[in-house]
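K.L.:
Can you keep this structure in mind? I'll have questions shortly.
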Amino acid sequence: MNISVIGTGYVGLVTGACFAEFGIHVTCVDKDAAKIARLEAGEIPIFEPGLEEIVRRNVQAGLLSFTTDAQRAVQHSLVIFIAVPTPPSPDGSTDLSYVDEVARTIGSHLDGYKVVVTKSTVPVKTAERVRRIIDESARAAGREGVLCSVASNPEFLREGSAVEDFLRPDRVVIGAEDPQAIAILRDLYKPLNLIEVPFVITNVATAELIKYASNAFLATKISFINEVSALCEAVGADVHDVSRAMGLDGRIGRKFLHPGPGYGGSCFPKDTLSLVQFSREFGVEQRIVSATVAANDAQRARMIAKVEEMLGSLSGKTLGVLGLSFKPNTDDVRESPAIWISQELKRRGAHLRCFDPQAMDNAARELEGAVFCEDPYDTAKGCDALLFLTEWNQFRKLDLALLKERLRQPVIVDMRNICEPDEMRRMGFRYTGVGR
């Protein structure tokens, strides 16, 4: 079977490479000629563990190719995945202009039956919109009457473990009205039958909503434990013990109960806002999700207050920032709490020295004037405080005595609870964490 994936960002590139790993012939399409040239040269434009090896292996095997020629890709594929960005508009709604553009391209080049699949996260009823645009473009191109199914197959890929999530998913969701489309998509994922991955076969609107409901619920868990962490600080409780005890309850689960500076990344911020916005179009208020968004904003502001509590006025202070990506094992800084906090610290007059194992090139575009350092110890030189903003594993075993020696003041603001408070205080640090 030949398939194409239009869009070579995190979702599109991982999807294409992993389908090729299943033995399927995949063409990845992007209108960015420079990006396609880099991919053809073997250069992966994102940091994602395991992805480079899978791309290299399947390109060599002739199963994976890259092109800017959307017409050829569409006409040589039975299944076409739409995996383009769906960024937020200023009002929080989803900008579907990239999806619309792809739908017009597909419609104008239809030459036989195709299954068009939205892999991008899109509001409910977007598949109907895609169907309408394809039909209009097909008529305009003189291809009226060519059969086409439109389905939804949302992704549940976590950056930093996206390859593993695709090859060993918790579930595969397929939303379609056409039995033929369902059969074709199930066949694509057939290798997952060997590991007994559950399939959820449903209608398109349900599949579209599953993604939003899942992300909103996880974001709510994060905001919930962050609000509990503030109460822990007020009453002298330890949020780690609270979250561990909660997580041991099988009805709750331990994941996404780690306090910190708030959620970020390319999904949770935009998906929660989008869910609130498009729900209103159907006359429904998402009050819990709206509160989740507000709580996340408040948590970020609370982190700024922590720094000011330790140092007073930030004007003229030099701060060391460890971690810039929105989570470890990625170079993605989109909606990163670390970037937002760093920008706010700069706005209040602080000078920044920064280090991240992977994200400094991307962060440099967001933090003009910051100094980017070689390692954590270089970062600490002459700083009035050191801030942990992303929980990279390499930050968990630092030489604390050397850090203290490099700092101007022995102040640690640990927004990821990487360090143990008692140990830090024994070593003479002025230390604050989150909820401890």
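K.L.:
Looking at the square roots a ≥ b ≥ c of the eigenvalues of the Cα gyration tensor of region 1-55, which shape do they give, rounded for a/c under 1.5, prolate if a/b is larger than b/c, or oblate? Intermediate values should be presented prior to the final figure.
P.N.:
On the way: a/c = 1.74, a/b = 1.18, b/c = 1.48.
Oblate shape, in that a/c is at least 1.5 and b/c is the bigger or equal ratio.
K.L.:
Another question about this same structure. Which whole-number percentage describes the relative contact order of the chain, with Cα contacts under 8 Å and a sequence gap of 6 or more? Intermediate results must be reported in sequence, preceding the final value.
P.N.:
Numbers: 858 pairs, mean separation 50.3, N = 436.
Worked out over the chain, it gives 12 percent.
K.L.:
Taking the alpha-carbon set of the chain, what are its Rg and Dmax in Å?
P.N.:
23.6, 77
K.L.:
Additional query: So which chymotrypsin sites (Phe, Trp or Tyr not before Pro) in region 245-310 end up in coil per DSSP with only 13 or fewer other C-beta atoms within 10 Å?
P.N.:
Those that pass, being in a loop and sparsely packed, are 282.
K.L.:
Relative contact order for region 2-201: what percent, with Cα pairs under 8 Å and sequence separation of 6 or more?
P.N.:
Working: 365 pairs, mean separation 39.6, N = 200.
In percent, rounded to a whole number, it is 20.
K.L.:
If you place +1 on the Cβ of every Lys and Arg and -1 on the Cβ of every Asp and Glu, how big does the dipole about the Cα centre of region 2-201 come out, in debye to the nearest 20?
P.N.:
Values: 20 positive and 27 negative charges, 76 e Å.
The calculation lands at about 360 debye.
K.L.:
Please give the Cα centre distance for region 3-45 versus region 367-436, rounded to the nearest Å.
P.N.:
Between the Cα centres of region 3-45 and region 367-436 lies a distance of 39 Å.
K.L.:
Arranged by the count of other C-beta atoms within 10 angstrom, fewest first, what order do 267, 373 take?
P.N.:
Numbers: 267 25, 373 20.
Ascending Cβ contact count within 10 Å gives the list 373, 267.
K.L.:
Can you list the trypsin sites (Lys or Arg not before Pro) in region 388-430 that are in a DSSP coil and have 15 or fewer other beta carbons within 10 angstrom?
P.N.:
Values: sites: 396, 397, 404, 406, 408, 416, 425, 426, 430; in loops: 396, 397, 408, 416.
When the trypsin sites (Lys or Arg not before Pro) of region 388-430 are filtered for loop state and at most 15 Cβ neighbours within 10 Å, 396, 397, 408 remain.
K.L.:
Right, another one. Please work out the C-alpha center-to-center distance from region 244-283 to region 82-116 and express it in whole Å.
P.N.:
26
K.L.:
In the chain, which longest range has no GluC sites (Glu not before Pro) that are both DSSP loop (not H, G, I, E or B) and surrounded by at most 15 other Cβ atoms within 10 Å? Don't jump to the answer; show the numbers that get you there.
P.N.:
Values: sites that count: 43, 144, 177, 196, 285, 368, 374.
By the stated rule (loop sites, at most 15 other Cβ atoms within 10 Å), 44-143.
K.L.:
Quick check on the exposure proxy: order 210, 201 from fewest to most C-beta atoms within 10 angstrom. Mind showing how you got there, number by number?
P.N.:
Details: 210 18, 201 14.
The fewest-first ordering by Cβ neighbours comes to 201, 210.
K.L.:
A further question follows. For the chain, what does -39500 (n - 2.57) per DSSP helix run (n ≥ 4), summed and divided by total residues, give at 222 nm, in deg cm²/dmol to the nearest 500? Write out the running numbers ahead of the final one.
P.N.:
Values: 17 runs with 194 residues, N = 436.
That comes out to -13500 deg cm²/dmol.
K.L.:
If you average the sequence gap of Cα pairs under 8 Å that are 6 or more apart and divide by the length of region 203-436, what percent do you get for the contact order? Before the final figure, lay out each step's value.
P.N.:
On the way: 413 pairs, mean separation 47.6, N = 234.
Value for region 203-436: 20 percent.
K.L.:
Of 98, 370, 235, whose Cα points farthest to the positive end of the dipole of the chain (charges on the beta-carbon: +1 Lys, Arg; -1 Asp, Glu; origin at the Cα centre)?
P.N.:
235
K.L.:
Moving on. What is the dipole size for the chain, taken about its Cα centre, with +1 at each Lys and Arg Cβ and -1 at each Asp and Glu Cβ, in debye to the nearest 20?
P.N.:
Numbers: 51 positive and 58 negative charges, 105 e Å.
Charge dipole, the chain, about its Cα centre: 500 debye, nearest 20.
K.L.:
Oh, and also: When a/c is below 1.5 the answer is rounded, else prolate if a/b is larger than b/c, else oblate, so apply that to region 2-201 with a ≥ b ≥ c taken from the square roots of the Cα gyration tensor eigenvalues.
P.N.:
On the way: a/c = 1.37, a/b = 1.24, b/c = 1.10.
Because its axes are fairly even, with a/c under 1.5, region 2-201 counts as rounded.
Values quoted throughout were computed directly from the atomic coordinates according to the rules given, and no laboratory measurement underlies them. Quick caveat, the model's predicted, so the values are computed rather than measured. Cβ coordinates were reconstructed from backbone atoms using ideal geometry, including for glycine residues, and neighbour counts include every protein chain displayed.
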